[in-house]
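A.B. asks: One structure coming up, written as structure tokens, with questions to follow.
The values are calculated or read from the model by the stated rules, or taken from the named source; none is laboratory data. Fair warning: this is a prediction, and the values are worked out from it, not measured in the lab. In this analysis, Cβ positions are derived from the backbone assuming ideal geometry, glycine residues included, and neighbour counts consider all displayed protein chains. Heads up: the accessible areas ignore ligands, DNA and RNA and are worked out on the full protein's heavy atoms, side chains in. Shrake-Rupley method; radii C 1.70, N 1.55, O 1.52, S 1.80 Å.
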Amino acid sequence: QGKEPGFFEQAVVQLLLAMGYGGTTGSGSVTQLSNDGGIDGVIDQDVLGLSRVYIQAKRYADSNVVGRPDIQAFVGALSGKADSGVFITTSRFSDGARVYAEGVPTRVILIDGKRLTSLMIRYGVGVQVRETYRVVEIDEDFFA
């Protein structure tokens, strides 16, 4: 909260790159904040940009649910560019949004706030380790 509008989009791109999208030579970028045509970020899976992952990112309060019209608009933005995309929100998706995303020919992956948080922790994006615990047990073979 309190960051400039492009901060969340940049964090989402960094997360997808950390997850391995973009490959070893690919790259990711945030699109222009205005007139982005409903696409917030693009990840090139290869050097030439032949294969791309398109991203829509919405930083919403938990009470602001992403609905079917948001997913339809994203699918429209993908039309003619890609046959798949990733829609990420800090809040959650309505049932209508989920049903639409599952039924549309364009493959749209939905990542809600809960899954986003677990992915950020898993891939170490936006988090740092504060404490580490080491649990030990008796090595039975040593004493045998």
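A.B. asks: 7 Å from Cα along Cα→Cβ at both residue 83 and residue 104: what's the point-to-point distance in nm?
C.D. replies: Taking the simple label geometry, residue 83 and residue 104 are separated by 1.6 nm.
A.B. asks: Then there is this: Ignoring the sites themselves, what is the longest stretch of the chain with no trypsin sites (Lys or Arg not before Pro) in a DSSP loop and at most 14 other beta-carbon atoms within 10 Å? Each step should come with its number before you reach the end.
C.D. replies: Values: sites that count: 3, 81, 130, 134.
The answer is 4-80.
A.B. asks: Same structure, new question: Specify the residue with the greatest mean-square fluctuation among 80, 28, 41, computed from a Gaussian network of the chain linking alpha-carbon atoms under 10 Å apart.
C.D. replies: 80
A.B. asks: Note the angle between two axes, namely the Cα long axis of helix 68-78 and the longest principal axis of the Cα atoms of the chain, as a number of degrees from 0 to 90, rounded to the nearest 10.
C.D. replies: For 68-78 against the chain, the angle is about 80 degrees.
A.B. asks: For the chain, what does the helix formula give at 222 nm: sum of -39500 (n - 2.57) over DSSP H segments with n ≥ 4, over the residue count, nearest 500 deg cm²/dmol?
C.D. replies: On the way: 5 runs with 48 residues, N = 144.
The helix-only estimate for the chain comes to -9500 deg cm²/dmol at 222 nm.
A.B. asks: May I pose another question? If amide H atoms are built 1.01 Å from N in the plane of the peptide, which residues on other chains or at least 5 residues away come under 5 Å of the amide H of residue 109?
C.D. replies: 85, 86, 87
A.B. asks: For the chain, set up a Gaussian network in which alpha carbons nearer than 10 Å are linked by springs, and say which option among 117, 24, 106 fluctuates the most.
C.D. replies: It is 24.
A.B. asks: Would you check the accessible area of residue 129, probe 1.4 Å, heavy atoms only, in square angstrom rounded to 10?
C.D. replies: Probe radius 1.4 Å; accessible area of residue 129 about 120 Å².
A.B. asks: Can you pull out the chymotrypsin sites (Phe, Trp or Tyr not before Pro) in the range 94-144 whose DSSP state is coil and whose Cβ has at most 16 other Cβ atoms within 10 Å? Provide the component values of the computation, followed by the final result.
C.D. replies: Values: sites: 100, 123, 133, 142, 143; in loops: 133.
In loop regions of the range 94-144 (DSSP not H, G, I, E or B), the sparsely surrounded chymotrypsin sites (Phe, Trp or Tyr not before Pro) are 133.
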